[in-house]
Structures are given as structure tokens and as C-alpha cells.
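Readers should treat all values here as calculations from the given coordinates under stated rules, not as data from a laboratory. It should be emphasised that the depicted structure is a prediction, and the values quoted were computed from it without experimental measurement. Note that we place each Cβ from the backbone using ideal geometry, even for glycine, and neighbour counts take in every protein chain shown.
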């Protein structure tokens, strides 16, 4: 199991330094916003670059590197890079750790159209925006759409933290 996550981290690092696909700059597109405990935020998709595409066992998948801008209340704007794996069998959003986890990658395995939790709600919305051009998605209403797209509805939804083991910073 650990080997699987180390391999995934190495693969993500490879995507950062490699990838010959061009970046698509987007018009700063709002993909999610909200308010929690009196604090409002907005997150925007700034760019999207496809870095991988394959078809294994008849299942197509694509990986995108995306740039995201987040504004939380009166705090400075934060920009970050995320990786989005568009797949009906193993969809995920990965992003660099923050605070005490700067040398880690956080991976949210998703169940599009199925269960989601507070910790991965924004990852679900980013996934729908990047993979299906559905911005500001209302997650509670996407079950039928997800099934029509080929998602089984019972994928494991989980968060994993993967150490980068001395890899160069990707910020």
C-alpha cells in the first residue's frame, strides 16, 4: 500500500516537470464559493493543462494540472496548483500540503455523484469543473448525471497524505 502512494507521488512530480501539452488559460472562472462560520470564500479556476491521457481496459482517463486562486474574506489571495484525475474508476484531486505538511501531497479520492464530506466538497466541485465543465456544481443533484457519465456511485471516498521524500518544491 505504501509503495502505491510513493509511486503516485513520484508520478505527480513527473507531471510537474514534464508534460508537453499546452496550458489553456481560462477567464478567471468561479467554480465554488460559500460561507462557513461567518467567513466567506471564492475559488476560481485560472488555467488547465492536460498532462496525460490514456485508455486502460476500455476506460478513458485524463490528468490535468490546474491553477486555482482562492480568496478568503479579507485575507490575501492564495494561488495553488492541483492535479485532477478525470476517471470513472479512480477519480481524484491532489494538491500540495499546507502549514506543517509542505513536503506532502494531499489526495482526495472522490465518488462523483455519490457521497462527499466537508473536507472534500471543494475537491468535488473542482473535479466537476475541470472534468465536465460544470462550474458551481450543486453536488446533491448530480447522482443521475454521474451515472449517465459512467460513474458507479459507490467508489471509495478518502483522503491520503503522501510524503514527497525530499522531492523539489512544486509551489
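Going through (1) under 17 Å from residue 83 (Cβ atoms); (2) in contact (Cβ under 8 Å) with a residue 40 or more places away in the chain; (3) touching a helix residue (DSSP H, G or I) at 6+ places or on another chain (Cβ under 7 Å) one by one, residue 104 falls short only on (3). Here residue 114 meets the list (1) more than 24 Å from residue 49 (Cα to Cα); (2) under 12 Å from the mean Cα position of the chain (by Cα) almost entirely, failing just condition (2).
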